[in-house]
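These notes are about the structure you will find just below.
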């Protein structure tokens, strides 16, 4: 995105050319990948022509002027349907843009369309019975999942159908598809980015963030969307730093804690080796690496499931009474589980949440960032239910969520980025976790890593 | 709170009804294994010594 923005600003390419090229790629590749639910060619070209006219007249809106992007299908978009990947909202057309969509429009970005997702964001595989399952571009022919719930965002960015996207992340829904598709995805601190106009899954766990090819592009998008929003009372009044300026490439003296036990040690051998290698690469660049474990993380899966099931059922209760048959089966089942959780269970889960948050804070009191796998496994095959991790057999869904949801629980910023490939050519994802509202250091660490490796620059051959 | 026990279709039906949902026997039977797993996991949470821990009620918004 940063490169495209520069090329547009210096008139090496026109916004119309850039948008048309992306629309052509979508037409050629999306029938196989199923990354898009709605494509908006006419509106995109009209916006691109307006951006071009502004440039010719000497008016520019900044580094995203004329740069195309596409949001996950749960962001409200004025006069463009917003289905949440569901049948229930198939004809829902919002009257207004979500805050972050409006902010990107004001920054000059051009919306290409809306991206596929697990129905109502309630699943880490990225499955959708209504609009088709998104295929992983690194292995589209063998039907591997793109990861979810922001599956279309992961596939579209990896395949070059859109240079950037906004996903949402309740248990890992930005970082899981970023990991499985070999791109860079940032879940900011809870409260850093407005959720106004974004369909909720679980209010206290939902985060909004960028999915791009590099930390530099994440920084660019985050700078455009972050900051207080009166329409979202959970947003912070803290000033938004210049994230791009933080990307110095310098990690000398950066204190990095490699998360062991539940995280790196439980990953498959390929993933574990790649993450350990990434830690060594950062060490080679001057970072100081030690090892750390989190004890309370063992209870996060249950406590997180309790909170998400309770909040999700609260949002979906009316439809679950009147249109339950219109949900895809796995989502309907997860929503039903919320009926069997009591208020006392919810509060107990919030107690565990407090313990974990404190423990992560303590780990970061002596370190600048923590390092872990984003996912402990690479992209599973569609329909695969069981897998084997470093510490034994696991349900695939639980395995996908394992390393990411602790930081939805605690609200810390966390970024997934590629750190290697398996012998079969599937991407492996690293996760960098930082202190609350210190996305700048997280992005600096990932950017520094991306300056000394080229994993993020690789592209799927099928795309 | 639900104690550790074998979950019957009847107990599922009663709990769902209390929450305002009228699901069929087939629908309840379909989710019974998942509810059983959930209840067993919740029983583990019950055993944790969390008494004095203040639950998270705000999300660090500054």
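Listing for the model above:
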quantity	calculated
Ranked A:263, A:421, criterion: other C-beta atoms within 10 Å, fewest first	A:421, A:263
Inter-chain Cβ neighbour average for residues A:343-350, partner chain, 10 Å	5
Number of partner chain Cβ atoms within 10 Å, mean per residue of A:301-310	2
Radius, Kirkwood style, for the protein assembly as shown when every pair of distinct Cα atoms is counted (Å)	22.9
Two-site label geometry, residue A:265 and residue A:93: point separation in nm, points 7 Å out along Cα→Cβ	5.7
Antiparallel bridge percentage (DSSP; both residues within the stretch A:164-288; nearest 5)	90
FRET efficiency, 1/(1 + (r/R0)^6) with R0 51 Å, evaluated for residue A:237 and residue A:386 via beta carbons	0.65
Helix-only mean residue ellipticity at 222 nm for chain A, each DSSP H run of n ≥ 4 adding -39500 (n - 2.57), per residue, nearest 500	-11500 deg cm²/dmol
R0 of 22 Å, Cβ-Cβ distance residue B:32-residue A:298: FRET efficiency to nearest 0.05	0.25
Using a Förster distance of 41 Å, the FRET efficiency for residue A:395-residue A:81 (Cβ separation, nearest 0.05)	0.75
Residue exposure sequence - A:415, A:40 - by fewest surrounding Cβ within 10 Å	A:40, A:415
Least to most buried among A:330, B:10, A:206 (fewest other Cβ within 10 Å first)	B:10, A:330, A:206
Projected label distance in nm at residue A:365 and residue B:57, using a 7 Å step from Cα toward the beta-carbon	2.4
Set of the stretch A:246-261 residues, backbone N closer than 20 Å to the point 7 Å along the Cα-Cβ line of residue A:277	A:258-260
Inter-label distance for residue A:32 and residue B:17, nm, one decimal - labels placed 7 Å from Cα along Cα-to-Cβ	5.5
Per-peptide average of other Cβ atoms within 10 Å, ordering B:43-51, A:145-153, A:28-36 highest first	A:145-153, A:28-36, B:43-51
Peptide-level mean, for A:353-359, of C-beta atoms on other protein chains within 10 Å	3
The stretch A:329-355-the stretch A:388-463 distance, computed between alpha-carbon centres (Å)	26
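Every number here is computed from the coordinates shown, using simple stated rules; none is lab data. Since this is a predicted model, take the numbers as computed values, not measurements. Note that we place each Cβ from the backbone using ideal geometry, even for glycine, and neighbour counts take in every protein chain shown.
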